[in-house]
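The values are calculated or read from the model by the stated rules, or taken from the named source; none is laboratory data. The shown structure was predicted, so the numbers you read here are calculated from the model rather than taken from an experiment. A quick note on method: Cβ atoms are made from the backbone with ideal geometry, for glycine too, and the neighbour counts reach across all protein chains shown.
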Amino acid sequence: MAEVYGSCDDRFSGVREALARNLDADELGASVAVDLDGETVVDLWGGYRDLDRTTPWTEDTIVNGWSTTKTVLALAALLLVERGELDLYAPVADYWPEFAARGKKDVEVRHLLSHTSGVSGWDPPFSIPDMYDWQTSTERLAAQAPWWEPGTASGYHANNQGHLVGEVVRRITGRTFRQFVADQIARPLGADFQIGARESDWDRIAPVVPPPRSEDDPREPDPESVAVRTFTGPVSSARAANSPEWRRADLGALNGHTNARGLVRVLRTMSLGGEGLLSPGTIELVFDQQSDGVDLVLEEPFRFGIGFCLGSPIVPYVPAGRTFFWGGWGGSMIIMDLDRRLTIGYLMNRMAPGVLGSDRAESYVRAVYAALG
């Protein structure tokens, strides 16, 4: 059986066993961490950073976490709410006046955070390199018309949520989103988490491995559908995430670099009642449901609060209750369970297919909850 490294309380030995099994099967390299009531009860890693299996995944290995980054984006917004600098129920244009253009004057900040703004991608033509130019890419979002009536449904803001919310953060604080996370979140919490990655850290990054190609859908895609427009504005590329340009960019929806320990250290702030950064009342805003139905982009049912998913049949292994979560393309996941003061994080380099989560993610989450009884 594959070697697993790190620490794990005896009661959570099932998590270690699940990681070992998956490393023998579909995992290449991965890390899993669990915080329970402020104590790290699982901090495990194993496998390899490269397909040739020559470079082990070590304690300080980091990886592009894809949309798990969006949970830190939400935390950043809540920090500004806590400080009285941001009102989630105010129009975005109160902070970013140009955003009012073309029928968006009534779009509120909560709509950006819950994927209900009507602006789930960029009007074409738009490419991944275009995302790297912050000024131009945000100007284009401000100038667009919504693709559906804001507030009436969710349409996953797959690639652009970091630009939308990040520009609000920048207008309020004068800092880039990347710098805000470094100064106001990662450093105070002592977390190994960054938007993009400093060049001095590139030698410890595990490059992501694209998921297997999915079978072609026999249906002819509708180029005017919200889903097609979102996923072609821009077209996602796993290989792009391994480039220097991606690592240098400020992509608050996509390019958080960390490992399970670092991600949990940031997001346990929510599970533990704020840890001095947030008050319980601010955390409670997450549970203000904004949508519940088939997402126009993901084309599966999701229930979104402010900044986080509150439940979906796509991930039945995340229990109901005072629980919220999200994951990244390929299967990474972060779960905050307030009832149990529990935070579960998982990051890996070999991406799995699917909309959210994976069989591997499910095995770790189920092992954690089995241990808790």
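So for segment 323-331 (the condition being surrounded by fewer than 22 Cβ atoms within 10 Å (Cβ to Cβ), over 16 Å from the mean Cα position of the chain (by Cα) and not acidic (Asp, Glu)), does at least one residue qualify? Full working, then the answer.
Keep residues of segment 323-331 that are surrounded by fewer than 22 Cβ atoms within 10 Å (Cβ to Cβ), which gives 323.
With over 16 Å from the mean Cα position of the chain (by Cα) added as a condition, the list becomes none.
So far as segment 323-331 goes, no, none of its residues is surrounded by fewer than 22 Cβ atoms within 10 Å (Cβ to Cβ), over 16 Å from the mean Cα position of the chain (by Cα) and not acidic (Asp, Glu).
All of GLY321, GLY307 fail the test of being assigned to a loop (DSSP other than H, G, I, E, B), free of Cβ contacts under 8 Å to residues at least 40 places away in the same chain, not assigned by TED's automatic domain parsing to the domain that holds ILE205 and not basic (Lys, Arg), apart from GLY321.
Of these, GLU17, GLU59, GLU85, which one is within 25 Å of ASN242 (Cβ to Cβ), surrounded by fewer than 21 Cβ atoms within 10 Å (Cβ to Cβ) and in contact (Cβ under 8 Å) with a residue 24 or more places away in the chain? Don't jump to the end; show me each part of the working.
Working: GLU17 fails: within 25 Å of ASN242 (Cβ to Cβ); GLU85 fails: within 25 Å of ASN242 (Cβ to Cβ).
Matching residue, one of GLU17, GLU59, GLU85: GLU59.
Scanning segment 121-164 for residues that are of a type in the set (Val, Ile, Thr), over 20 Å from ASP106 (Cα atoms) and crowded, with 19+ Cβ neighbours inside 10 Å yields a single hit, ILE128. In the set (1) in contact with a helix residue (DSSP H, G or I) (Cβ under 7 Å, 6 or more places away or on another chain); (2) assigned by TED's automatic domain parsing to the domain that holds GLU27; (3) under 30 Å from PRO146 (Cβ atoms), TRP326 fails one condition alone, (2).
Looking at GLY331, GLY357, just one residue is in contact with a Leu (Cβ under 9 Å, 6 or more places away or on another chain), not assigned by TED's automatic domain parsing to the domain that holds ALA158 and not in a helix (DSSP H, G or I), and that residue is GLY331.
PRO316 - would you say it is surrounded by fewer than 24 Cβ atoms within 10 Å (Cβ to Cβ) and either among the aromatic types (Phe, Trp, Tyr) or free of Cβ contacts under 8 Å to residues at least 24 places away in the same chain (or both)? Considered against the rule, which asks whether it is surrounded by fewer than 24 Cβ atoms within 10 Å (Cβ to Cβ) and either among the aromatic types (Phe, Trp, Tyr) or free of Cβ contacts under 8 Å to residues at least 24 places away in the same chain (or both), PRO316 comes out as yes. Among residues of segment 149-162 that are free of Cβ contacts under 8 Å to residues at least 60 places away in the same chain, those with a beta-carbon under 8 Å from a residue that is surrounded by fewer than 19 Cβ atoms within 10 Å (Cβ to Cβ) and charged (D, E, K, R) at least six positions away or on a different chain give the pairs PRO150/ASP106. Between GLY307, GLY256, the distinction of being crowded, with 20+ Cβ neighbours inside 10 Å, at positive phi and under 18 Å from the mean Cα position of the chain (by Cα) belongs to GLY307 only. Has segment 178-191 got any residue that is touching a His at 6+ places or on another chain (Cβ under 9 Å) and modelled with pLDDT of 95 or more? Within segment 178-191, none of the residues are touching a His at 6+ places or on another chain (Cβ under 9 Å) and modelled with pLDDT of 95 or more. Among the residues of segment 100-120, those identified as crowded, with 24+ Cβ neighbours inside 10 Å, touching a residue at least 60 places away in the same chain (Cβ under 8 Å) and outside any loop (DSSP other than H, G, I, E, B) are HIS111, LEU113. In segment 1-95, counting only strands (runs of 3 or more DSSP E) that sit wholly within it, the ones holding 2 or more residues that are within 23 Å of the chain's Cα centre (by Cα) span 29-36, 39-47. Every test in (1) closer than 16 Å to HIS157 by Cα; (2) surrounded by 24 or more Cβ atoms within 10 Å (Cβ to Cβ) is passed by LEU296 save one, and that test is (2). VAL109 fulfils the conditions (1) in contact with a Ser or Thr (Cβ under 6 Å, 6 or more places away or on another chain); (2) closer than 17 Å to ALA74 by Cβ; (3) among the aliphatic types (A, V, I, L, M) except for a single criterion, (1). Within segment 165-198, the set of residues being free of Cβ contacts under 8 Å to residues at least 60 places away in the same chain and either part of a helix (DSSP H, G or I) or crowded, with 19+ Cβ neighbours inside 10 Å (or both) comprises ARG170, GLN179, ALA182, ASP183, ARG187.
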